[in-house]
1. Residues B:65, B:92: which one is β-branched (Val, Ile, Thr), under 28 Å from residue A:172 (Cα atoms) and at pLDDT 90 or above?
2. Scan region B:60-82 residue by residue and report those that are touching a residue at least 40 places away in the same chain (Cβ under 8 Å) and either within 7 Å of another protein chain (Cβ to nearest Cβ) or more than 20 Å from residue B:34 (Cβ to Cβ) (or both).
3. Among the residues of region A:138-147, what is the count of those that are in contact (Cβ under 8 Å) with a residue 60 or more places away in the chain and not in a strand (DSSP E or B)?
4. Only one residue in A:181, A:168 is away from every other protein chain (no Cβ under 14 Å), surrounded by 22 or more Cβ atoms within 10 Å (Cβ to Cβ) and within 12 Å of the ligand (Cβ to nearest atom). Which one?
5. Out of curiosity, is residue A:153 in contact (Cβ under 8 Å) with a residue 12 or more places away in the chain and over 24 Å from residue A:84 (Cα atoms)?
6. Grab the helices (runs of 4 or more DSSP H) fully contained in region A:327-379, keeping just those with 3 or more residues being away from every other protein chain (no Cβ under 14 Å), in contact with a Leu (Cβ under 8 Å, 6 or more places away or on another chain) and not charged (D, E, K, R).
7. Any chance region A:97-108 includes a residue that's among the β-branched types (Val, Ile, Thr), over 15 Å from residue A:227 (Cβ atoms) and either within 12 Å of the ligand (Cβ to nearest atom) or touching a strand residue (DSSP E or B) at 6+ places or on another chain (Cβ under 7 Å) (or both)?
Amino acid sequence: MTEPDGTDLARLAAAPEDRDALTRLRAHADDWDRVQRLPDGLVRGLGDAGLLAADLPARHGGRGLSASALGTLCARLGGVCTALRSVVTVQGMVAAALSRWGTDEQRARLLPALVRGERLAAFAATEDGAGTELSAVEAELRRDGTDLVLHGTKRWVSLGEIADVFLVLARLDGKPATVLVEAGGAGVCVDPVRGQLGLRAAHVAHVRFDGVRLPARDQVAPAGFGLSHVVGTALDHGRFTIAWGCAGMAGTCLELAARHTAARVQGGVRLSDHQAVRAALGRGLAAVAAARALCLRAAESRQDGTPAALSDTVVAKYTAARTAADVSQDAVQLLGAAGCAPGSAVGRFFRDARITQLIEGAELVAEVRMGDLALREHAVARPAAGRTAAEGAPW
Amino acid sequence: MKDQPSGDPPPDDVLAELRAFFGQVFPGIDLGADDDYFRQGNADSLFALELVTFVEQHFRVGIDVEDLDLDNFRTLGRTTAFVHRKRAGAAVERRPGGPGND
Ligand SMILES: Cc1cc2nc3c(=O)[nH]c(=O)nc-3n(C[C@H](O)[C@H](O)[C@H](O)COP(=O)(O)OP(=O)(O)OC[C@H]3O[C@@H](n4cnc5c(N)ncnc54)[C@H](O)[C@@H]3O)c2cc1C
């Protein structure tokens with residue numbers, strides 16, 4: 001397991017064009033994917049480099065980074081390693097939800113520590129019977145005196161293995177409610193997942209909460225608002241950073257495909273001398289530019305604070321994830337066996353990209369949502385959704 | 001919906017502005033001031049946060065965790081009253097039963 005020089009992260013944060021830092025970090029990332037873990041101390045290193053929850057306002061410990069600056073950062077990280085970018089995504093999701101809907105006490109207790117990387121957060125919503133349809137979660141909070149007691153099993157929690165604190169979606173009095181749960185406490189049982197298709201270094205875990213006792217102050221927002229507002233805010237933020245990460249991943253795949261095809265010669269002909277090869281690169285170029293433009297549009301509406309920010313982010317995430325999947329697939333094709341070899345970066349991106357088409361809103365579900373937007377835009381009534389805002393899946 | 005250029009006074013006719021926003025989000029559905037759009041099933045999953053963002057940006061009021069009570073938002077009339085209360089700087093009332101009751 002190779003450890004990155006902490007200065008490479010700082011250089012990446014400061015200078016997007018620092019090729020040496022990028023190349024070194026990418027080589028580490030292939031290694032992390034193989035051993036299926038991130039090096040110890042990396043989270044702290046990300047915090048030291050100012051890369052965690054950097055968009056939080058200064059009063060919550062952040063640097064007040066603009067949406068487009070945060071996005072650019074995530075594109076750079078996404079172009080190195082999806083698991084690394086996931087740390088920034090998940091920490092950012094929980095920080096955004098707390099910054100938006102936490103109490104002063106919750107913010108003061110957690111946000112500065114999340115920014116510094118002293119504590120790592122994970123987001124635990126998915127269950128066996130509730131993936132796309134998060135309103136079906138069965139994890140339950142019961143009142144016991146002034147405390148709450150949590151029972152339930154969450155699946156597929158990114159960074160769940162190494163997180164210090166979980167933001168958990170459950171039900172309280174039958175309504176969606178969110179709570180903060182400390183890892184390592186009595187009744188918290190973490191079961192690491194290994195060998196999944198992608199995001200292999202992301203310390204994914206299934207997490208069981210077996211009668212975990214919490215003080216009432218660890219509830220985030222009133223019951224009834226856990227899904228529509230708290231989880232909604234977290235997922236919206238997650239979609240935004242994933243979108244940029246996917247645009248970065250697609251950009252790296254295009255770069256690696258261009259370099260490889262320009263260098264490889266067979267029978268006296270360079271691969272890039274074939275028109276069909278250049279056409280594939282050209283498709284990638286247009287797709288990457290389009291994904292970046294949509295990410296930028298989402299960043300602008302977020303900066304303006306318009307309601308369109310939410311749907312612009314859905315569109316950006318959908319398109320960027322699809323672009324990452326398409327361009328990484330073409331890159332694997334253009335690299336041939338080299339793209340399929342162990343330790344191949346494009347192979348890793350290909351596997352990771354497929355997963356980004358599922359998380360934070362599966363592709364088909366985003367398409368249905370965008371169909372609603374088309375109907376809205378053209379002022380056509382659509383059938384009532386037949387569900388309440390508090391019950392609908394948040395994408 | 002045109003957003004208020006910064007510097008302009010916020011719109012006074014809150015109900016009409018809200019109705020225009022709803023007209024855009026739920027085209028073809030004619031909402032009365034007292035219709036409960038959450039209960040009617042018109043509101044979809046992004047809507048709750050779109051409404052928060054619209055109210056904050058358009059009327060320049062902050063919505064905080066203390067304001068999360070469906071009774072503040074479930075009808076055009078209630079949302080209008082909420083905006084007026086916020087603007088007047090008054091603490092927004094919470095029912096004894098706690099927020100979010102349906
Ligand atoms: C590597 C990895 C990391 C993850 N990290 C996290 C995490 O940190 N926290 C967390 O809470 N979860 C996490 N997840 C879970 C992830 O969010 C879910 O897998 C995702 O929400 C989809 O849910 P599901 O797997 O149950 O699929 P399902 O909901 O069963 O959907 C499967 C497919 O059915 C179709 N479909 C489902 N519903 C609809 C619909 N309404 N309309 C049209 N088509 C539909 C779509 O094609 C969809 O792709 C992670 C998953 C993976 C693989």
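1. One residue alone meets the criteria, B:65.
2. Within region B:60-82, B:60 is the sole residue that qualifies.
3. So the answer is 2.
4. Just one listed residue meets the conditions, A:168.
5. In short, yes.
6. A:345-356
7. There is no residue in region A:97-108 that is among the β-branched types (Val, Ile, Thr), over 15 Å from residue A:227 (Cβ atoms) and either within 12 Å of the ligand (Cβ to nearest atom) or touching a strand residue (DSSP E or B) at 6+ places or on another chain (Cβ under 7 Å) (or both).
For (1) surrounded by 21 or more Cβ atoms within 10 Å (Cβ to Cβ); (2) not charged (D, E, K, R), each residue gets a yes or a no:
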| position | (1), (2) |
| --- | --- |
| A:213 | no, no |
| A:216 | no, yes |
| A:220 | yes, yes |
| A:241 | yes, yes |
| A:254 | yes, yes |
| A:257 | yes, yes |
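The values are calculated or read from the model by the stated rules, or taken from the named source; none is laboratory data. What you see is a predicted model; the values in this text were computed from it and never measured. As a convention, Cβ positions derive from the backbone with ideal geometry for all residues, glycine included, and neighbour counts pool all protein chains shown.
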